[in-house]
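The values are calculated or read from the model by the stated rules, or taken from the named source; none is laboratory data. Because the structure is a prediction, the values reported are computed rather than measured. Counting neighbours? That spans all protein chains shown, and the Cβs are built from the backbone with ideal geometry, glycine included. Keep in mind that these areas ignore ligands, DNA and RNA; they rest on the heavy atoms of the full protein, side chains included. Shrake-Rupley method; radii C 1.70, N 1.55, O 1.52, S 1.80 Å.
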Amino acid sequence: MQETDKIRDKVVLVGLNSPVLKRDQNAGEDTLEELSALVETAGAETVGMVLQNRSSPDPRTFIGEGKCAEVKLYCENTEATMVIFDNDLSPSQLRCLTELLGVQVLDRCGLILDIFAQRARTREGRLQVELAQYQYLLPRLTGMWTHLERQAGTSGSGPIGSKGPGETQLETDRRHIHRKIDKLREDLEDVRRVRNTQRRQRRKNEIPVVALVGYTNAGKSTLLNQLTGAGIPANNRLFDTLDTTSRLLHVSDTTDVVLSDTVGFIRKLPHQLVEAFKATLEELEYADLLLHVIDVSSPDWQGQARVVEDLILELGAGELPRIDVFNKADLLPPGEIMPHGEDICAISAKSGAGVDKLLEMIARRLDKGSRRVTIHLPYEQGGLLDLLYKEAKVEKVEYGATIDVTAVCTPRTLGRVEAFTDG
């Protein structure tokens with residue numbers, strides 16, 4: 001490693017497995033491996049993993065005093081500068097563990113928030129991450145800094161004008177963060193209004209929306225590039241892209257769609273992020289079709305698919321039509337059986353294999369019976385041209401003995417036109 005490639009921190013990962021915790025709250029070897037990949041994404045290096053099995057979490061130290069002493073020794077031997085827990089920790093547990101271990105302590109939620117803060121590029125993305133960070137920070141203020149324990153203006157020994165009603169610095173900071181949260185929510189509401197305007201315009205133009213969803217690093221950005229030539233970064237790392245990208249996709253002679261990429265999902269995605277990113281994720285609710293991109297080469301693709309399906313339900317998009325796109329099919333281990341079904345398509349987004357079949361499936365799902373026709377309008381019925389511009393995709397208009405309009409029309413629009421003409 002060159003001097004210019006210095007890592008941010010050396011990290012020891014710690015997880016707790018307990019029968020009293022819910023399945024999605026427990027840690028295991030697979031979740032610690034995923035946490036290690038998140039650490040690498042954040043620019044740090046994992047130097048060790050500790051998995052603790054315990055009947056119930058310790059209220060004070062989470063993993064127990066004895067295991068804390070073991071982790072502290074591990075940190076000293078590996079020169080680790082940080083410990084990251086795979087489980088969510090309470091504010092008091094974070095404070096206690098930081099004191100006992102003598103290094104910075106973070107939980108999985110805090111790590112994901114840090115990665116999102118690094119990755120967000122657009123104003124919308126930064127707003128959403130900042131809101132999530134403040135929501136995460138608010139209950140953790142107590143004891144984070146010594147100045148928060150001081151009382152403002154109660155002793156009489158402060159400068160003139162500092163004598164106040166006895167508000168603590170902690171309360172002042174809380175009030176400041178609440179103001180920041182309210183302002184960020186207002187700004188995100190403006191984002192939501194802009195999206196609603198864009199949606200109305202798309203509906204007016206009858207352009208269907210196809211949303212890409214999937215576990216982080218499943219290949220959504222690579223598929224978007226393959227289908228549309230978008231040229232967005234698509235690196236092999238978790239949460240490489242956060243900001244939503246939409247591109248027009250020509251599916252067939254009669255079907256164009258807006259293809260929209262969304263932020264990737266992951267186990268234990270912090271609820272603050274789900275809440276903050278609703279301005280973006282609600283696009284799923286208004287989509288005409290979902291493409292659930294699944295990395296079939298992953299040993300745990302079934303578990304990853306369940307995580308995405310649960311979040312789709314949480315966001316109110318469970319009833320939408322969906323195609324399960326099994327990506328990286330070329331990396332499937334020998335002898336592994338590929339899932340089959342009417343709404344399943346196996347592809348390699350990187351090489352393009354199977355993409356033609358996917359386009360056929362999208363066209364079949366969104367085909368409203370549209371067809372390309374040439375309509376000969378008498379000049380006295382030229383007003384129908386306005387109807388065609390509103391409800392059809394007008395490709396060409398020629399003026400001769402009649403107004404000849406070449407357009408892609410749905411049966412409904414064609415029927416309305418034919419009611420006023422001889423066809």
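Scan the stretch 365-388 for residues that are assigned to a loop (DSSP other than H, G, I, E, B) and open to solvent by 70 Å² or more (accessible area, probe 1.4 Å) and jot them down.
Listed by number, the residues that qualify are Asp367, Lys368.
Taking the options Gly43, Gly15, name whichever one is assigned to a strand (DSSP E or B) and open to solvent by less than 40 Å² (accessible area, probe 1.4 Å).
Gly15
Pick out the one residue from Asp253, Asp190, Asp182, Asp240 that is modelled with pLDDT of 90 or more, open to solvent by 10 Å² or more (accessible area, probe 1.4 Å) and of a type outside the set (Phe, Trp, Tyr).
Asp182
Out of Thr31, Thr61, Thr122, report the one residue that is touching a residue at least 12 places away in the same chain (Cβ under 8 Å), within 20 Å of Thr216 (Cα to Cα), polar (S, T, N, Q) and open to solvent by less than 30 Å² (accessible area, probe 1.4 Å).
Thr31
Can you find a residue that is within 23 Å of Asp300 (Cα to Cα), over 28 Å from the mean Cα position of the chain (by Cα) and of a type in the set (Val, Ile, Thr) anywhere in the stretch 3-18?
no
For the stretch 132-149, check the following and say yes or no: at least one residue is of a type in the set (A, V, I, L, M, F, W, C), modelled with pLDDT of 85 or more, open to solvent by less than 10 Å² (accessible area, probe 1.4 Å) and farther than 23 Å from Ser18 by Cα.
yes
Of the residues Thr216, Thr197, which is at negative phi, open to solvent by less than 60 Å² (accessible area, probe 1.4 Å), among the polar types (S, T, N, Q) and at pLDDT 65 or above?
From the options Thr216, Thr197, the qualifying one is Thr216.
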